[in-house]
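The values are calculated or read from the model by the stated rules, or taken from the named source; none is laboratory data. These numbers were taken from a predicted model, which means no experiment stands behind them. No Cβ is skipped: glycine too gets one built from the backbone with ideal geometry, and neighbour counts run over all protein chains shown. Side chains are part of the model used for accessible areas, which takes the heavy atoms of the whole protein and leaves out ligands, DNA and RNA. Shrake-Rupley method; radii C 1.70, N 1.55, O 1.52, S 1.80 Å.
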Amino acid sequence: MPHQKDDVYGDHISHQFNEELAELKTEFLKMGGMVEQQLNDAVQALIESDGQLADEVRARDKAVDQMEVDIDEEATRVIARRQPTARDLRLVVSVIKMVADLERVGDEAKKIAKFAIGLAEEGKAPRGYVEVRHIGNHVATMLHDALDAFARLDSEQALQIMKEDKRVDEEYQAATRSLLTFMMEDTRNISRCMSVMWVLRALERVGDHACNLAENVIFMAKGEDVRHTSMEEAERVVGHTTE
């Protein structure tokens, strides 16, 4: 049975409504691109001891915050003006939820930049930078893939991101254990290692937010909420056709 007209994104009698939904998606992806850059720059600033780049990351955070406010306001206007139903409503509601996750990724990037400045001032690079680079690349890929899954409404790609989150958690725990061992061997390393542990924690949180984005993509595509469910249940939902 084919979808009803109002159950397909960008397929409405009202050309203006089509444009409003397209603009909402475009602005969300624009914010996503800004946050991706913030994350990548923050990790680079830390690893390369680049205090100037870290300062730039912190300064750009206000622009990310403003985009969250602007997109929220536009989404609210769409709901009030168009009273969307079915998939369109899921799109608008999901965007409101997902911009909050993007804003929090921006906050984590700002936090990493703050530690990058402090560690650069201390000079000697502590242990843990290899793990920071590895986990940083991992969660950056998850974030990028989540945005791509949103753009293409790809629930299968979103499911893979959810599976990656468990791997990030395991990598984070292993890196933390390694740093704790190093600190116990030489207490002079405690301050610097604690800073790196906070950076790793921030990166682990980015993975959680990427997972949240993926869960919302599945909700948009399938109409079922997979938050707080088992992976088996999420796989069932993704494998179920909405046709």
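Enclosing the Cα atoms of segment 179-222 in their convex hull gives a volume equal to 43 cubic angstrom per residue. Just the protein heavy atoms count here, and of the accessible area of the chain at 1.4 Å, carbon and sulfur take up 50 percent. The value obtained for segment 26-165, namely the Cα convex hull volume divided by the number of residues, is 90 Å³ per residue. Once the Cβ-Cβ distance of T26 and E224 is raised to the sixth power relative to R0 = 25 Å, the FRET efficiency obtained is 0.45.
Rounded to the nearest Hz, the phi-derived 3J(HN,Hα) couplings of segment 133-142 under the Karplus curve 6.51 cos²θ - 1.76 cosθ + 1.60 (θ = phi - 60°) are 4, 5, 5, x, 5, 5, 6, 5, 5, 4, where x marks glycine and proline. Labels on offer are (i) 12.1; (ii) 17.1; (iii) 13.5, and the one holding mean projected area of the Cα convex hull in nm² computed from this structure is (iii).
Can you check what the Kirkwood hydrodynamic radius comes to for segment 83-212, Cα pairs only, in Å to one decimal? Over segment 83-212, the inverse of the mean reciprocal pair distance is 16.1 Å.
Contact order, relative form, for the chain: 24 percent (alpha carbon pairs under 8 Å, 6 or more residues apart, mean separation divided by residue count).
Accessible surface calculations at 1.4 Å, restricted to protein heavy atoms, place the chain at 50 Å² per residue.
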